[in-house]
Amino acid sequence: MTDNSRPTPGPGPTEGGRAGGGGDNGSRPRKRRRRGSRPASGAAESSGNGQGEKEPKDGGGNRPGRRRRGRGKGSHQSQQSQQSQQSQKSQNPQTSQRSRDAGNGDEPGDKTPRKSGSGRGRGSGRGRNQRQNTSRYRQNQRHSQYANTAIETRDETSAGGLVVSGMAEAVGADGSVDMSRIYVALIGRLDRRGRLLWSMPKGHVEEGEHQWSTAQREVWEETGIRGEAFEELGVIDYWFVSDGVRIHKTVHHNLLRYVDGILNDEDPEVTEVTWVPMSELIEHLAYADERKLARIAYDRMPDLARKEADAGRATPR
């Protein structure tokens, strides 16, 4: 039976020149190997020279390798399967891309996309759901506009215009027209915010009534001024809903020559009435459609004023 015990270094050479420490008294018990470790192949035992040498290293100068716990045959197989999967992905990038897309919820059939880390990245499920919800909302809004096609529709017609004063007097000796000497009558109403909005006087056309007659009547009721219609200015039409009824309203605008009267605001629907110079008319009007008509009136006014002066029609005072 081989003695595997390691000799203990002796006190040095003895009288016979023999190395000490070879006896039983200097030997020590063998160390137990750690579980899961084994000596490297080719490792020699200690020579017992009494110098306390450590275990020799392998031929490459490294310590013997040790097996880690839990790294058995199963872990080696799992590592091989991971390597094979990586090689398959590298060989077929399209398949790996599809698998990544499916994991992110990008497949068309995936109705429950997985949330990304931030939730705000480009192409994330959350951003796509927001875009889909927005598109559905817009589609519902468009459908709702045309869903109720049975709503009652009604046509209404109104007429009014601008009462003009001082046309003949604004014409100079050389034929030039001073637009600041020509005045028009406007009415002002308060809106829901309490702002005073200026507009042209107008009202509803009665059945069988000519729109010029309506314009003269409405101007007198809302401003206290009597005028005579002599020129058509333009037509405005628009839609609005009142008491569940869609109304298509058409408004005829005219130019009226001042006849007589004094400005007053006795009409309960009118807050204020005033004369405005023709040169400041456009910037006074609150509504864009009426401002367009005011530009037409401003462009026509020099020729109309010269006709009034040639006809000898002086403005009553």
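The values are calculated or read from the model by the stated rules, or taken from the named source; none is laboratory data. A quick note: this is a predicted structure, and the numbers were derived from the prediction, not measured. All Cβ positions, glycine included, derive from the backbone under ideal geometry; neighbour counts span all protein chains shown.
The set of residues from the range 235-289 being touching a residue at least 60 places away in the same chain (Cβ under 8 Å) and in contact with a His (Cβ under 6 Å, 6 or more places away or on another chain) comprises just one member, V276. Candidates V205, V235, V171, V164: the one that is touching a Pro at 6+ places or on another chain (Cβ under 9 Å), surrounded by 12 or more Cβ atoms within 10 Å (Cβ to Cβ) and not charged (D, E, K, R) is V171. Scanning the range 185-211 for residues that are closer than 14 Å to T250 by Cα and touching a residue at least 40 places away in the same chain (Cβ under 8 Å) returns K202, G203, H204, V205, Q211.
Taking the listed residues T274, T250, the one that is among the hydroxyl-bearing types (S, T, Y), closer than 28 Å to E152 by Cβ and at pLDDT 95 or above is T250, with no other qualifying.
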